[in-house]
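Trainee: Structure in structure tokens, see below.
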Amino acid sequence: MTLELRPISPRSASQAEYRAMTEFWNRMRSEVLPDDPPLSLEERIASWKNIPDFVQVVAWAFWEGEEIVAAGNADYLELEENRHLLDFTIQVLPSYRRQGLGKELLRYVVETAERTGKRLMLTNTNERVPAGAAFMEQIGAARGLETHTNQLDLRELDPSLIHSWIERGKASGYTLGFWEGPYPEAELAAFARFLQVMNTAPRDNLEVEDFKYTPEHVQQMEGSLFAAGNQRWTYWVKAPDGRFAGYSEITWNPSRPQILHQQGTGVEPEFRGHGLGRWLKATMLEKVLREMPQARFVRTGNADSNAPMLKINRELGFKPYLSSTVWQVETAKARAYLER
């Protein structure tokens, strides 16, 4: 086996590199989501070329001929907060594991963290690739947050439950609204501030600060989302004084209309206890049932410690689909592992 390790620029790779990256990415994805269709080359290229400007990414791959057999990337955000963090991903095809490729890719990740002054590194593993968790334990990483992807089969959704939640919401005195696609320019600044409500989601043991995205950051993230052909619906509620009180949104790609992704659902703490979260989610699901006959599943990610949101999701019929762990490891500890 003759392997070559070389860097890749996700924003400006060659067509051959993009093709190999997509094939590798789909092979790794099929191990985690075996029932899902692959993503197209065009979609992946659009995603990579439209990574937001405030996200810095470096990547490397082991090649055997024209095929990628292992890859890693490190990325960090150019924001005022969380300057100590670096996120990374290392993936190795099953037949190439336990040959030191992951460790060698980690070396490049650690060098990037050291060069950029990041003292803490984060990554994710899941139950369907146990080699990932084993690798993180070997490094000496700590479990920072336990999560699940939960899935709702829309054929099992109780229409009477949806109706009751909607009727309760209508009586709350709050105003419901809807956007399709990008957030309206006139509402962008206020909504960007409101989106910080997601900082109230559990972080458990993660050493992560609140994120504070500007309207420009939000627009860049939207650009990345929509460039890849994704669609988005957003429902929001405003309090009687005109402030945003809560929101819920879903995204999907028309090439995979059977799978919807429940993105953020949040209600400002001072407005909780009025059934707004249930109202938002029920209204969204009613619209999905009415206008998206091809949709079958809704997936959402939840921290295992997020009892209020889990309660709502379980009442709707969401069931555990995939368990994941967010790991954190000090850069210095990862370096010590490499030097052993």
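Trainee: Return only the number of the condition from (1) more than 18 Å from the chain's Cα centre (by Cα); (2) at negative phi; (3) part of a loop (DSSP other than H, G, I, E, B) that GLY242 does not satisfy.
Mentor: Checking GLY242 against (1) more than 18 Å from the chain's Cα centre (by Cα); (2) at negative phi; (3) part of a loop (DSSP other than H, G, I, E, B), the one that fails is (2).
Trainee: Sticking with this structure for a sec: Inside the stretch 130-168, can you point out the residues that are surrounded by fewer than 18 Cβ atoms within 10 Å (Cβ to Cβ) and either closer than 23 Å to GLY72 by Cα or within 19 Å of the chain's Cα centre (by Cα) (or both)?
Mentor: Across the stretch 130-168, the qualifying residues are PRO130, ALA131, ALA133, ALA134, GLU137, GLN138, GLY140, ALA142, ARG143, GLU146.
Trainee: Only one of (1) more than 18 Å from GLU222 (Cα to Cα); (2) in contact with a Gly (Cβ under 9 Å, 6 or more places away or on another chain); (3) open to solvent by 40 Å² or more (accessible area, probe 1.4 Å) is not met by ALA59, so which one is it?
Mentor: The one condition ALA59 does not meet is (3).
Trainee: If you take the residues of the stretch 184-208 that are closer than 19 Å to LEU77 by Cα and of a type in the set (A, V, I, L, M, F, W, C), which of them is most open to solvent (accessible area, probe 1.4 Å)?
Mentor: The initial filter retains those residues of the stretch 184-208 that are closer than 19 Å to LEU77 by Cα, namely 192-193, 195-196, 198-199, 203, 206-208.
From the residues that got through so far, the ones that are of a type in the set (A, V, I, L, M, F, W, C) too are 192, 195, 198, 206, 208.
Values: ALA192: 4, LEU195: 39, MET198: 73, LEU206: 29, VAL208: 24 Å².
The residue in question is MET198.
Trainee: To continue, here is another question. Filter the stretch 6-30 down to residues that are exposed (fewer than 15 other Cβ atoms within 10 Å of the Cβ) and in contact (Cβ under 8 Å) with a residue 40 or more places away in the chain and give me whichever is farthest from TYR108 (Cα to Cα).
Mentor: By that ranking, first place goes to ALA16.
Trainee: So which residues in the stretch 169-199 are over 27 Å from PHE226 (Cβ atoms) and either modelled with pLDDT of 95 or more or within 19 Å of the chain's Cα centre (by Cα) (or both), if there are any at all?
Mentor: Step one: filter the stretch 169-199 for residues over 27 Å from PHE226 (Cβ atoms), giving 169-174.
Answer for the stretch 169-199, where residues must be over 27 Å from PHE226 (Cβ atoms) and either modelled with pLDDT of 95 or more or within 19 Å of the chain's Cα centre (by Cα) (or both): just TYR174.
Trainee: If you check LYS319 against the conditions, is it free of Cβ contacts under 8 Å to residues at least 12 places away in the same chain, open to solvent by 30 Å² or more (accessible area, probe 1.4 Å), within 20 Å of ILE162 (Cβ to Cβ) and among the charged types (D, E, K, R)?
Mentor: Details: free of Cβ contacts under 8 Å to residues at least 12 places away in the same chain: no; open to solvent by 30 Å² or more (accessible area, probe 1.4 Å): yes; within 20 Å of ILE162 (Cβ to Cβ): yes; among the charged types (D, E, K, R): yes.
No; evaluated as a whole, the condition is false for this residue.
Trainee: Can you tell me which residue in the stretch 245-280 is surrounded by the most Cβ atoms within 10 Å (Cβ to Cβ), limited to those that are out of contact with any helix residue (DSSP H, G or I) (no Cβ under 9 Å at 6 or more places or on another chain) and part of a helix (DSSP H, G or I)? Show your work before the answer.
Mentor: To start, the set of residues in the stretch 245-280 that are out of contact with any helix residue (DSSP H, G or I) (no Cβ under 9 Å at 6 or more places or on another chain) comprises 252, 254, 256-259, 261, 263, 270-271, 273.
Cutting the leftovers down to part of a helix (DSSP H, G or I) gives us 270-271.
Values: GLU270: 9, PHE271: 19.
Residue satisfying both the conditions and the ranking: PHE271.
Trainee: Being more than 29 Å from HIS217 (Cα to Cα) and either in contact with a Phe, Trp or Tyr (Cβ under 6 Å, 6 or more places away or on another chain) or of a type outside the set (Val, Ile, Thr) (or both) is the filter here; which residues of the stretch 1-18 pass it?
Mentor: Residues of the stretch 1-18 that are more than 29 Å from HIS217 (Cα to Cα), as a first pass: 1-6, 16.
The answer is MET1, LEU3, GLU4, LEU5, ARG6, ALA16.
Trainee: Specify the residue that is most open to solvent (accessible area, probe 1.4 Å); the eligible residues are those in the stretch 62-106 that are closer than 14 Å to TRP25 by Cα and not in a strand (DSSP E or B). Lay out the reasoning, then the answer.
Mentor: Start the filter on the stretch 62-106 by keeping residues that are closer than 14 Å to TRP25 by Cα, which leaves 62-63, 67-73, 89-94.
Narrowing the set further to residues that are not in a strand (DSSP E or B) leaves 93-94.
Numbers: LEU93: 3, PRO94: 75 Å².
Top of the filtered list is PRO94.
The values are calculated or read from the model by the stated rules, or taken from the named source; none is laboratory data. None of these values were measured; they are calculated from a predicted model. Neighbour counts are summed over all protein chains in view; Cβ atoms, including those assigned to glycine, are modelled from backbone coordinates with ideal geometry. Each accessible area value is taken on the protein alone, full model and side chains, heavy atoms only, with ligands, DNA and RNA left out. Shrake-Rupley method; radii C 1.70, N 1.55, O 1.52, S 1.80 Å.
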